[in-house]
Amino acid sequence: MTKLFSLEGKTALVTGANTGIGQAIAIALAEAGADVAVAGRSEPTETQKAIEAAGRKFLSIKADFGSTEPVQRVVDETVAAFGKLDILVNNAGIIRRADSIEFSEADWDAVMDTNLKVVFFLTQAVARQMLKQGGGKVINIASLLSYQGGIRVPSYTASKSGLAGLTKILANEWAAKGINVNAIAPGYVETNNTEALRADAERNASILARIPAGRWSQASDLGGAAVFLAAAASDYVHGVTLPVDGGWLAR
């Protein structure tokens, strides 16, 4: 059974892994045996320490995923360093908050570009490499707003709903070619993106009242799901968006 969840000999690329969900997933993949490249704007010092402490190789790639400019370079640098690329975790994302009646075109475009457009083209570039190797695993980081509407985050909701759909179409096209494409939909996680919600006493209380588990998620709660979707245990799982939400959607 342990072999089904082992990532020994695998190489992973995780975007946006300097803190929060991306960091936790990168560390979990390393603890399961994978060497890990991380790509993003900030220096992932703590992530590097944890991955190297797990005895795995680490690579940091500077990249701003606000545009498609770094996409091919990120793939090329990962393959140059490790010789292959087996796992992609599309975690990098941004959010903008404003009433929909006042939401700006600039905020719409910034979120859609980062959360959906660049994710597609990075996945496309990685899939070309995976097809040369005979397969691989793609894990998109979706959201509860892949299922629900939310409030004051129209572009984020649109991007994460689109990401759930993108997960399905890519699974349809690539499943028979050895590439698994799935997603994780985190619940309410204690990260920088949710700081404003947690600081709002009324919103925080209403969110907690809706979560059967009775607490906000920690980023580390996502690690096991990521390892499952990256490992042989999920070889027959395609096109799924897996909620890790403390029971939120069941309520």
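The values are calculated or read from the model by the stated rules, or taken from the named source; none is laboratory data. Bear in mind that the values here come from a model prediction, so they are computed numbers and not experimental data. Quick reminder, even Gly has a Cβ in these numbers, built from the backbone with ideal geometry, and neighbours come from all protein chains shown. Quick note on the areas: whole protein, heavy atoms, side chains included, nothing else; ligands and nucleic acids left out. Shrake-Rupley method; radii C 1.70, N 1.55, O 1.52, S 1.80 Å.
Got a sec? Which residues in the stretch 195-214 would a label at A250 touch, if it sits 7 Å along Cα→Cβ and we count backbone N under 11 Å?
Output list for this probe position: 212-213.
For the chain, compute the orientation-averaged projected area of the C-alpha convex hull (one quarter of its surface), in nm².
Mean projected area for the chain: 13.1 nm², to one decimal.
Can you give the calculated 222 nm mean residue ellipticity of the chain, where each DSSP H run of n ≥ 4 adds -39,500 (n - 2.57) and the sum is split over every residue, rounded to the nearest 500 deg cm²/dmol? Show your work: numbers first, answer last.
Working: 9 runs with 101 residues, N = 251.
So the helix-based figure for the chain works out to -12500 deg cm²/dmol.
Send over a whole-number figure in Å² for the accessible area per residue of the chain, probe 1.4 Å.
Per residue, the chain has 45 Å² of solvent-accessible surface.
Loop only by DSSP, 13 or fewer other Cβ within 10 Å of the Cβ. Give me the chymotrypsin sites (Phe, Trp or Tyr not before Pro) in the stretch 173-251 that pass, ordered by residue number.
Those satisfying the criteria are Y236.
Taking the stretch 25-81, which trypsin sites (Lys or Arg not before Pro) meet the DSSP loop condition and have no more than 14 other C-beta atoms within 10 Å?
Those that pass, being in a loop and sparsely packed, are R41, K57.
Mind putting a number on the dipole of the stretch 72-131 about its Cα centre? Charges go on the C-beta only, +1 for Lys and Arg and -1 for Asp and Glu, and I need it in Debye to the nearest 20.
340 debye
When N counts the residues of the stretch 1-126, how does its alpha-carbon radius of gyration compare numerically with 2.2 N^0.38 Å, as a ratio?
1.13
Please give the contour-minus-distance gain from S100 to M112: 0.36 nm per residue of separation, less the Cα-Cα distance, rounded to one decimal in nm.
Length gained between S100 and M112: 2.8 nm.
For the stretch 116-169, go through all pairs of different Cα atoms, get the mean of 1/r, take its inverse, and jot down that Kirkwood value in Å.
Across the stretch 116-169, the inverse of the average 1/r is 12.1 Å.
How long is the gain from R198 to I169 if the chain were fully straight, where each residue apart is worth 0.36 nm and the alpha carbon distance is subtracted?
7.0 nm
With +1 on each Lys and Arg Cβ and -1 on each Asp and Glu Cβ, how big is the dipole of the stretch 37-110 about its Cα centre, in debye rounded to the nearest 20?
500 debye
Size of the dipole of the chain about the Cα centre, Lys and Arg at +1 and Asp and Glu at -1 on the beta carbon, nothing else charged, in debye to 20?
Here the size comes out at about 580 debye.
From zero up to wherever the largest Cα-Cα distance of the stretch 171-217 sits, split into 5 Å bins and tell me the percent of pairs in each.
Going out from 0 Å in 5 Å bins, the stretch 171-217 shows 4, 19, 21, 15, 7, 6, 10, 10, 6, 1 percent.
Run through the stretch 151-196 and list the trypsin sites (Lys or Arg not before Pro) located in a DSSP loop whose Cβ has at most 15 other Cβ atoms within 10 Å.
Here the trypsin sites (Lys or Arg not before Pro) that fit, given the DSSP loop and packing criteria, are R152.
On the accessible surface of the chain, probed at 1.4 Å, how many percent belong to carbon and sulfur atoms?
Within the chain, the accessible surface is 51 percent carbon and sulfur.
Cα-Cα pairs above 18 Å in the stretch 33-88: how many percent?
34 percent
Just going by the charge dipole of the stretch 112-215, with Lys and Arg at +1 and Asp and Glu at -1 on Cβ, which of L122, S143, W174 is farthest out on the positive end?
Going by the charge dipole, the pick is W174.
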